[in-house]
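Inspection log for the structure reproduced underneath, given as C-alpha coordinates.
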Amino acid sequence: MEIYIIIHVLVFLTLIFELAPLKVKKSIIIGWCIFFTLFGGLRWRIGGDWDQYYDHFVFSSWSNIFNYDRYGNGEETLEPGFVFFNVLIKTIFGKFYIYNLIVVGFIQFTYYKFCNYFFPKNPLFCYCFLMVAVANYFPVRAGFSVGISYWCWKFIKEQKLIPFLIVIFFASIIHNKSIVLLPCYWLGKVRLKSLWLLILYPIIAIASYKLQDWFTILSLSFGGSIAEKAYKFSQVETEGFAGASYFGWVLNYFFLCIYLYIRKKEKLFSNNWYNVLLNSVMIYNAIFMIFSNGMGDLARLSTNFFPVQCILLLKSVLYFAKSKNHLISCLAIFFFLSYYIYKLPSNWNGYFFKDACVPYKTIFDYNLR
(Lines give C-alpha, C1' and ligand atoms only; values in the text may rest on other atoms or scores of the structure.)
Protein backbone atom coordinates (compact mmCIF):
# COMPACT_ATOMS: atom_id res chain seq x y z
CA MET A 1 0.00 0.00 0.00
CA GLU A 2 2.84 2.37 0.86
CA ILE A 3 4.14 2.51 -2.69
CA TYR A 4 0.85 3.99 -3.96
CA ILE A 5 0.73 6.56 -1.18
CA ILE A 6 4.32 7.63 -1.82
CA ILE A 7 3.77 7.94 -5.58
CA HIS A 8 0.65 10.08 -5.28
CA VAL A 9 2.15 12.28 -2.59
CA LEU A 10 5.14 12.88 -4.88
CA VAL A 11 2.79 13.79 -7.73
CA PHE A 12 1.09 16.24 -5.39
CA LEU A 13 4.42 17.77 -4.37
CA THR A 14 5.38 18.38 -8.00
CA LEU A 15 2.67 21.06 -8.04
CA ILE A 16 5.35 23.35 -6.60
CA PHE A 17 6.86 23.40 -10.11
CA GLU A 18 3.85 25.42 -11.27
CA LEU A 19 6.14 28.32 -10.45
CA ALA A 20 8.76 27.06 -12.91
CA PRO A 21 9.07 27.91 -16.65
CA LEU A 22 6.69 26.12 -19.03
CA LYS A 23 9.48 23.98 -20.47
CA VAL A 24 10.24 22.59 -17.01
CA LYS A 25 6.56 21.81 -16.41
CA LYS A 26 6.29 19.87 -19.66
CA SER A 27 9.47 17.95 -18.87
CA ILE A 28 8.09 16.92 -15.47
CA ILE A 29 4.84 15.73 -17.06
CA ILE A 30 6.77 13.69 -19.63
CA GLY A 31 8.80 12.15 -16.78
CA TRP A 32 5.65 11.17 -14.92
CA CYS A 33 4.06 9.84 -18.13
CA ILE A 34 7.03 7.53 -18.70
CA PHE A 35 6.99 6.42 -15.07
CA PHE A 36 3.27 5.61 -15.01
CA THR A 37 3.49 3.84 -18.37
CA LEU A 38 6.13 1.51 -16.92
CA PHE A 39 4.39 1.31 -13.53
CA GLY A 40 1.08 0.25 -15.04
CA GLY A 41 2.39 -1.58 -18.08
CA LEU A 42 4.95 -3.85 -16.44
CA ARG A 43 2.68 -4.96 -13.60
CA TRP A 44 1.82 -8.63 -13.39
CA ARG A 45 -1.18 -10.32 -11.73
CA ILE A 46 -2.34 -7.08 -10.12
CA GLY A 47 -5.04 -4.60 -11.06
CA GLY A 48 -8.79 -4.87 -11.39
CA ASP A 49 -10.08 -8.03 -13.14
CA TRP A 50 -6.53 -9.12 -13.98
CA ASP A 51 -7.36 -12.80 -14.56
CA GLN A 52 -10.36 -11.96 -16.73
CA TYR A 53 -8.43 -9.62 -19.00
CA TYR A 54 -5.47 -11.95 -19.22
CA ASP A 55 -7.89 -14.67 -20.39
CA HIS A 56 -9.33 -12.29 -22.98
CA PHE A 57 -5.83 -11.77 -24.33
CA VAL A 58 -5.05 -15.49 -24.37
CA PHE A 59 -8.29 -16.74 -25.88
CA SER A 60 -9.08 -14.00 -28.38
CA SER A 61 -8.33 -14.90 -32.00
CA TRP A 62 -8.92 -13.69 -35.54
CA SER A 63 -11.87 -16.08 -35.78
CA ASN A 64 -13.82 -14.78 -32.76
CA ILE A 65 -13.45 -10.99 -33.10
CA PHE A 66 -17.19 -10.55 -33.62
CA ASN A 67 -18.43 -13.32 -31.35
CA TYR A 68 -15.99 -13.56 -28.44
CA ASP A 69 -17.95 -15.06 -25.55
CA ARG A 70 -16.96 -13.06 -22.50
CA TYR A 71 -18.00 -15.56 -19.81
CA GLY A 72 -18.25 -18.75 -21.87
CA ASN A 73 -22.00 -19.04 -21.28
CA GLY A 74 -23.32 -17.37 -24.41
CA GLU A 75 -24.81 -14.44 -22.51
CA GLU A 76 -22.45 -11.63 -23.47
CA THR A 77 -20.00 -10.94 -26.28
CA LEU A 78 -17.24 -8.37 -26.03
CA GLU A 79 -17.03 -5.34 -28.30
CA PRO A 80 -15.19 -6.29 -31.53
CA GLY A 81 -12.77 -3.39 -31.33
CA PHE A 82 -11.50 -4.57 -27.97
CA VAL A 83 -11.09 -8.16 -29.16
CA PHE A 84 -9.40 -6.98 -32.38
CA PHE A 85 -6.91 -4.91 -30.41
CA ASN A 86 -6.06 -7.89 -28.20
CA VAL A 87 -5.57 -10.16 -31.22
CA LEU A 88 -3.48 -7.58 -33.06
CA ILE A 89 -1.08 -7.03 -30.14
CA LYS A 90 -0.89 -10.76 -29.44
CA THR A 91 -0.10 -11.49 -33.09
CA ILE A 92 2.65 -8.86 -33.34
CA PHE A 93 4.23 -9.07 -29.87
CA GLY A 94 2.78 -12.15 -28.19
CA LYS A 95 3.10 -10.70 -24.68
CA PHE A 96 0.34 -9.46 -22.41
CA TYR A 97 2.63 -6.97 -20.71
CA ILE A 98 3.29 -5.37 -24.11
CA TYR A 99 -0.47 -4.95 -24.45
CA ASN A 100 -0.57 -3.26 -21.03
CA LEU A 101 2.37 -1.01 -21.88
CA ILE A 102 0.67 0.15 -25.08
CA VAL A 103 -2.69 0.85 -23.39
CA VAL A 104 -1.20 2.69 -20.41
CA GLY A 105 1.21 4.54 -22.69
CA PHE A 106 -1.66 5.68 -24.88
CA ILE A 107 -3.61 6.94 -21.86
CA GLN A 108 -0.60 8.83 -20.54
CA PHE A 109 0.06 10.35 -23.97
CA THR A 110 -3.61 11.38 -24.06
CA TYR A 111 -3.30 13.03 -20.65
CA TYR A 112 -0.21 14.90 -21.83
CA LYS A 113 -1.94 16.22 -24.94
CA PHE A 114 -5.16 17.00 -23.05
CA CYS A 115 -3.33 19.05 -20.41
CA ASN A 116 -1.28 20.98 -22.95
CA TYR A 117 -4.28 21.69 -25.17
CA PHE A 118 -6.75 22.90 -22.55
CA PHE A 119 -4.20 24.38 -20.13
CA PRO A 120 -1.32 25.57 -22.31
CA LYS A 121 0.14 27.73 -19.53
CA ASN A 122 -0.63 25.34 -16.65
CA PRO A 123 -0.37 21.78 -18.01
CA LEU A 124 1.27 20.43 -14.84
CA PHE A 125 -1.61 21.80 -12.76
CA CYS A 126 -4.05 19.81 -14.90
CA TYR A 127 -1.91 16.65 -15.03
CA CYS A 128 -1.48 16.44 -11.25
CA PHE A 129 -5.23 16.81 -10.81
CA LEU A 130 -5.98 14.10 -13.38
CA MET A 131 -3.59 11.70 -11.68
CA VAL A 132 -5.39 12.06 -8.37
CA ALA A 133 -8.93 12.12 -9.78
CA VAL A 134 -8.67 9.48 -12.54
CA ALA A 135 -5.17 8.02 -12.49
CA ASN A 136 -6.20 5.12 -14.79
CA TYR A 137 -2.75 3.50 -14.77
CA PHE A 138 -4.26 0.02 -14.29
CA PRO A 139 -6.88 0.35 -17.05
CA VAL A 140 -9.47 -2.23 -17.97
CA ARG A 141 -11.70 -2.07 -21.04
CA ALA A 142 -13.73 0.88 -19.76
CA GLY A 143 -10.60 2.82 -18.85
CA PHE A 144 -9.13 2.23 -22.30
CA SER A 145 -12.36 3.44 -23.91
CA VAL A 146 -12.47 6.57 -21.74
CA GLY A 147 -8.84 7.28 -22.63
CA ILE A 148 -9.83 7.32 -26.31
CA SER A 149 -12.90 9.47 -25.68
CA TYR A 150 -10.80 12.25 -24.09
CA TRP A 151 -9.91 13.27 -27.64
CA CYS A 152 -13.53 14.04 -28.51
CA TRP A 153 -13.54 17.21 -26.35
CA LYS A 154 -10.84 18.79 -28.50
CA PHE A 155 -12.91 18.21 -31.61
CA ILE A 156 -16.09 19.46 -29.96
CA LYS A 157 -14.33 22.69 -29.04
CA GLU A 158 -13.00 23.05 -32.59
CA GLN A 159 -16.38 21.95 -34.02
CA LYS A 160 -14.83 19.25 -36.20
CA LEU A 161 -17.63 16.74 -36.63
CA ILE A 162 -15.89 13.99 -38.62
CA PRO A 163 -12.89 13.59 -36.22
CA PHE A 164 -15.36 13.71 -33.32
CA LEU A 165 -17.44 10.88 -34.79
CA ILE A 166 -14.31 8.84 -35.50
CA VAL A 167 -13.20 9.15 -31.85
CA ILE A 168 -16.66 8.16 -30.58
CA PHE A 169 -16.68 5.19 -32.96
CA PHE A 170 -13.32 3.86 -31.80
CA ALA A 171 -14.12 4.46 -28.13
CA SER A 172 -17.48 2.70 -28.49
CA ILE A 173 -16.11 -0.42 -30.18
CA ILE A 174 -13.81 -0.80 -27.18
CA HIS A 175 -16.65 -0.24 -24.69
CA ASN A 176 -20.25 0.57 -25.59
CA LYS A 177 -20.64 3.09 -22.79
CA SER A 178 -18.75 5.77 -24.72
CA ILE A 179 -21.73 6.14 -27.07
CA VAL A 180 -23.33 8.35 -24.37
CA LEU A 181 -20.99 11.13 -25.50
CA LEU A 182 -22.50 11.30 -28.99
CA PRO A 183 -25.00 14.14 -28.24
CA CYS A 184 -22.30 16.32 -26.63
CA TYR A 185 -21.21 17.77 -29.96
CA TRP A 186 -24.51 19.67 -30.18
CA LEU A 187 -24.96 20.55 -26.49
CA GLY A 188 -23.64 24.08 -27.05
CA LYS A 189 -26.94 24.92 -28.72
CA VAL A 190 -28.74 24.34 -25.41
CA ARG A 191 -28.43 27.60 -23.49
CA LEU A 192 -30.30 27.41 -20.21
CA LYS A 193 -30.42 30.40 -17.91
CA SER A 194 -28.64 30.07 -14.59
CA LEU A 195 -31.87 29.99 -12.58
CA TRP A 196 -33.17 27.00 -14.52
CA LEU A 197 -29.94 25.06 -13.99
CA LEU A 198 -29.87 25.91 -10.28
CA ILE A 199 -33.46 24.65 -9.95
CA LEU A 200 -32.95 21.59 -12.16
CA TYR A 201 -30.04 20.26 -10.08
CA PRO A 202 -31.98 19.80 -6.79
CA ILE A 203 -35.01 18.46 -8.70
CA ILE A 204 -32.84 15.68 -10.16
CA ALA A 205 -31.37 15.00 -6.70
CA ILE A 206 -34.81 14.75 -5.06
CA ALA A 207 -36.28 12.66 -7.88
CA SER A 208 -33.22 10.39 -8.27
CA TYR A 209 -34.87 7.27 -6.83
CA LYS A 210 -37.91 7.60 -9.09
CA LEU A 211 -35.64 8.27 -12.07
CA GLN A 212 -33.89 4.96 -11.32
CA ASP A 213 -37.23 3.16 -11.71
CA TRP A 214 -37.96 4.99 -14.95
CA PHE A 215 -34.57 4.02 -16.32
CA THR A 216 -35.19 0.35 -15.52
CA ILE A 217 -38.58 0.46 -17.26
CA LEU A 218 -37.09 2.26 -20.25
CA SER A 219 -34.25 -0.24 -20.60
CA LEU A 220 -36.77 -3.08 -20.66
CA SER A 221 -38.80 -1.43 -23.40
CA PHE A 222 -35.96 -1.52 -25.94
CA GLY A 223 -34.37 -4.54 -27.54
CA GLY A 224 -30.79 -5.21 -28.51
CA SER A 225 -27.59 -6.00 -26.65
CA ILE A 226 -27.01 -2.45 -25.38
CA ALA A 227 -30.47 -2.36 -23.79
CA GLU A 228 -29.82 -5.77 -22.20
CA LYS A 229 -26.52 -4.56 -20.79
CA ALA A 230 -28.15 -1.39 -19.47
CA TYR A 231 -30.77 -3.43 -17.61
CA LYS A 232 -28.17 -5.88 -16.31
CA PHE A 233 -25.97 -3.08 -14.98
CA SER A 234 -28.98 -1.55 -13.24
CA GLN A 235 -29.36 -4.74 -11.19
CA VAL A 236 -25.81 -5.24 -9.90
CA GLU A 237 -22.84 -3.39 -8.44
CA THR A 238 -19.52 -5.05 -9.18
CA GLU A 239 -17.56 -2.41 -7.25
CA GLY A 240 -19.41 -3.02 -4.00
CA PHE A 241 -22.21 -0.99 -2.50
CA ALA A 242 -21.16 2.51 -1.49
CA GLY A 243 -24.40 4.46 -1.67
CA ALA A 244 -24.98 8.08 -2.50
CA SER A 245 -22.44 10.71 -1.46
CA TYR A 246 -24.66 13.57 -0.36
CA PHE A 247 -21.63 15.65 0.54
CA GLY A 248 -20.42 15.19 -3.03
CA TRP A 249 -23.81 16.29 -4.35
CA VAL A 250 -23.64 19.49 -2.31
CA LEU A 251 -20.04 20.11 -3.33
CA ASN A 252 -20.89 19.71 -7.01
CA TYR A 253 -23.81 22.10 -6.59
CA PHE A 254 -21.34 24.62 -5.18
CA PHE A 255 -19.12 24.04 -8.23
CA LEU A 256 -22.12 24.60 -10.51
CA CYS A 257 -22.78 27.96 -8.83
CA ILE A 258 -19.16 28.94 -9.47
CA TYR A 259 -19.33 27.93 -13.14
CA LEU A 260 -22.51 29.94 -13.60
CA TYR A 261 -21.00 32.95 -11.85
CA ILE A 262 -18.04 32.90 -14.25
CA ARG A 263 -20.35 32.52 -17.24
CA LYS A 264 -22.19 35.64 -16.14
CA LYS A 265 -19.09 37.69 -15.28
CA GLU A 266 -17.31 36.80 -18.52
CA LYS A 267 -20.47 37.13 -20.66
CA LEU A 268 -20.23 33.54 -21.92
CA PHE A 269 -23.95 32.80 -22.18
CA SER A 270 -23.76 32.61 -25.98
CA ASN A 271 -20.38 30.86 -26.02
CA ASN A 272 -20.91 27.46 -27.65
CA TRP A 273 -17.93 25.75 -25.98
CA TYR A 274 -18.73 26.99 -22.48
CA ASN A 275 -22.30 25.77 -22.82
CA VAL A 276 -21.06 22.37 -23.98
CA LEU A 277 -19.00 22.16 -20.79
CA LEU A 278 -21.82 23.41 -18.59
CA ASN A 279 -24.48 21.08 -20.01
CA SER A 280 -22.08 18.13 -19.98
CA VAL A 281 -21.25 18.72 -16.34
CA MET A 282 -24.98 18.71 -15.60
CA ILE A 283 -25.18 15.28 -17.22
CA TYR A 284 -22.12 14.22 -15.21
CA ASN A 285 -23.84 15.25 -11.97
CA ALA A 286 -27.19 13.75 -12.98
CA ILE A 287 -25.59 10.34 -13.60
CA PHE A 288 -24.01 10.46 -10.14
CA MET A 289 -27.23 11.45 -8.42
CA ILE A 290 -29.50 9.00 -10.24
CA PHE A 291 -27.34 5.87 -10.22
CA SER A 292 -24.92 6.12 -7.28
CA ASN A 293 -27.37 4.68 -4.76
CA GLY A 294 -27.87 1.07 -5.82
CA MET A 295 -26.79 1.16 -9.48
CA GLY A 296 -23.07 1.70 -9.07
CA ASP A 297 -22.11 0.10 -12.39
CA LEU A 298 -24.24 2.61 -14.27
CA ALA A 299 -22.81 5.45 -12.17
CA ARG A 300 -19.50 4.68 -13.84
CA LEU A 301 -20.93 6.22 -17.02
CA SER A 302 -20.00 9.53 -15.41
CA THR A 303 -16.30 8.85 -16.08
CA ASN A 304 -16.97 9.69 -19.74
CA PHE A 305 -17.94 13.20 -18.68
CA PHE A 306 -15.20 13.77 -16.13
CA PRO A 307 -12.98 15.80 -18.52
CA VAL A 308 -15.59 18.59 -18.54
CA GLN A 309 -15.61 18.67 -14.74
CA CYS A 310 -11.82 18.81 -14.82
CA ILE A 311 -11.75 21.67 -17.34
CA LEU A 312 -14.41 23.76 -15.60
CA LEU A 313 -13.08 23.18 -12.08
CA LEU A 314 -9.47 23.97 -12.91
CA LYS A 315 -10.37 26.94 -15.10
CA SER A 316 -12.43 28.28 -12.20
CA VAL A 317 -9.56 27.85 -9.73
CA LEU A 318 -7.22 29.68 -12.11
CA TYR A 319 -9.82 32.39 -12.67
CA PHE A 320 -10.01 33.22 -8.97
CA ALA A 321 -6.31 32.54 -8.30
CA LYS A 322 -5.44 35.30 -10.77
CA SER A 323 -7.82 37.76 -9.10
CA LYS A 324 -6.46 41.18 -8.19
CA ASN A 325 -7.98 40.66 -4.79
CA HIS A 326 -5.23 38.96 -2.80
CA LEU A 327 -7.66 37.32 -0.36
CA ILE A 328 -9.73 35.74 -3.15
CA SER A 329 -6.57 34.53 -4.84
CA CYS A 330 -5.31 32.86 -1.65
CA LEU A 331 -8.71 31.30 -0.94
CA ALA A 332 -8.82 29.80 -4.43
CA ILE A 333 -5.39 28.23 -4.01
CA PHE A 334 -6.22 27.01 -0.51
CA PHE A 335 -9.50 25.50 -1.70
CA PHE A 336 -7.82 23.63 -4.55
CA LEU A 337 -5.09 22.21 -2.30
CA SER A 338 -7.71 21.16 0.26
CA TYR A 339 -9.84 19.52 -2.42
CA TYR A 340 -6.79 17.75 -3.85
CA ILE A 341 -5.86 16.34 -0.43
CA TYR A 342 -9.49 15.33 0.09
CA LYS A 343 -9.46 13.37 -3.19
CA LEU A 344 -6.00 11.86 -2.68
CA PRO A 345 -6.98 8.78 -0.59
CA SER A 346 -9.47 7.67 -3.24
CA ASN A 347 -6.49 6.26 -5.15
CA TRP A 348 -5.88 3.54 -2.56
CA ASN A 349 -9.20 3.28 -0.69
CA GLY A 350 -11.15 1.54 -3.44
CA TYR A 351 -13.54 -1.29 -2.54
CA PHE A 352 -11.29 -4.05 -3.94
CA PHE A 353 -8.02 -2.12 -4.06
CA LYS A 354 -6.10 -4.12 -1.45
CA ASP A 355 -7.21 -7.44 -2.91
CA ALA A 356 -6.42 -6.43 -6.49
CA CYS A 357 -3.37 -4.17 -6.19
CA VAL A 358 -1.44 -5.05 -3.03
CA PRO A 359 1.37 -6.02 -3.03
CA TYR A 360 2.57 -4.38 -6.24
CA LYS A 361 4.40 -6.85 -8.47
CA THR A 362 5.90 -6.70 -11.96
CA ILE A 363 6.97 -9.08 -14.73
CA PHE A 364 10.40 -9.10 -13.10
CA ASP A 365 8.92 -10.72 -9.96
CA TYR A 366 7.69 -13.55 -12.18
CA ASN A 367 10.77 -13.75 -14.44
CA LEU A 368 8.67 -13.04 -17.55
CA ARG A 369 11.20 -10.90 -19.40
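The values are calculated or read from the model by the stated rules, or taken from the named source; none is laboratory data. No experiment lies behind these values; they were computed from the predicted model shown. Methodologically, a virtual Cβ is constructed for each residue, glycine included, from the backbone with ideal geometry; neighbour enumeration extends over all protein chains shown. Areas reflect the complete protein model, heavy atoms only, side chains present, ligands, DNA and RNA absent. Shrake-Rupley method; radii C 1.70, N 1.55, O 1.52, S 1.80 Å.
Whenever a residue of the stretch 350-369 is among the basic types (Lys, Arg), its partners that are open to solvent by less than 100 Å² (accessible area, probe 1.4 Å), lying with C-beta atoms within less than 8 angstrom and at least six residues away or across chains, give the pairs 354/1; 361/43; 361/44; 361/46; 369/363.
Can you find a residue that is of a type outside the set (S, T, N, Q), under 20 Å from residue 171 (Cα atoms), open to solvent by 60 Å² or more (accessible area, probe 1.4 Å) and in contact with a Pro (Cβ under 8 Å, 6 or more places away or on another chain) anywhere in the stretch 64-75? Among the residues of the stretch 64-75, at least one is of a type outside the set (S, T, N, Q), under 20 Å from residue 171 (Cα atoms), open to solvent by 60 Å² or more (accessible area, probe 1.4 Å) and in contact with a Pro (Cβ under 8 Å, 6 or more places away or on another chain), which makes the answer yes. Among all positions in the stretch 54-62, there is at least one residue which is aromatic (Phe, Trp, Tyr), loosely packed, with under 15 Cβ neighbours inside 10 Å and outside any helix (DSSP H, G or I).
Taken together, the residues in the stretch 19-30 that are open to solvent by 40 Å² or more (accessible area, probe 1.4 Å) and either part of a helix (DSSP H, G or I) or of a type in the set (Lys, Arg) (or both) amount to 7. Checked against the criterion of being modelled with pLDDT of 95 or more, open to solvent by less than 30 Å² (accessible area, probe 1.4 Å) and under 19 Å from residue 142 (Cβ atoms), the candidates 82, 106 yield just one match: 82.
Of the listed requirements (1) out of contact with any Gly (no Cβ under 8 Å at 6 or more places or on another chain); (2) open to solvent by 10 Å² or more (accessible area, probe 1.4 Å); (3) over 27 Å from residue 337 (Cα atoms); (4) not in a loop (DSSP other than H, G, I, E, B), residue 159 misses just one: (4).
Tell me which residues, restricted to the stretch 1-18, are closer than 18 Å to residue 353 by Cα and either in a helix (DSSP H, G or I) or in contact with a Ser or Thr (Cβ under 6 Å, 6 or more places away or on another chain) (or both).
From the stretch 1-18, those closer than 18 Å to residue 353 by Cα are 1-9; that's our starting set.
Scanning the stretch 1-18 gives 2, 3, 4, 5, 6, 7, 8, 9.
Regarding residue 290, is this residue open to solvent by less than 80 Å² (accessible area, probe 1.4 Å), of a type in the set (A, V, I, L, M, F, W, C) and part of a helix (DSSP H, G or I)? Yes; evaluated as a whole, the condition is true for this residue.
Quick check on the stretch 119-130. Is at least one of its residues farther than 21 Å from residue 274 by Cα and surrounded by fewer than 19 Cβ atoms within 10 Å (Cβ to Cβ)? Among the residues of the stretch 119-130, not one is farther than 21 Å from residue 274 by Cα and surrounded by fewer than 19 Cβ atoms within 10 Å (Cβ to Cβ), which makes the answer no. Close contacts from the stretch 87-102, counting a first residue that is at pLDDT 95 or above and surrounded by 17 or more Cβ atoms within 10 Å (Cβ to Cβ) and a second that is assigned to a helix (DSSP H, G or I) and of a type in the set (Gly, Ala, Ser), with Cβ to Cβ under 7 Å and a gap of 6+ residues or different chains, come to 97/41; 100/40; 100/41; 101/41.
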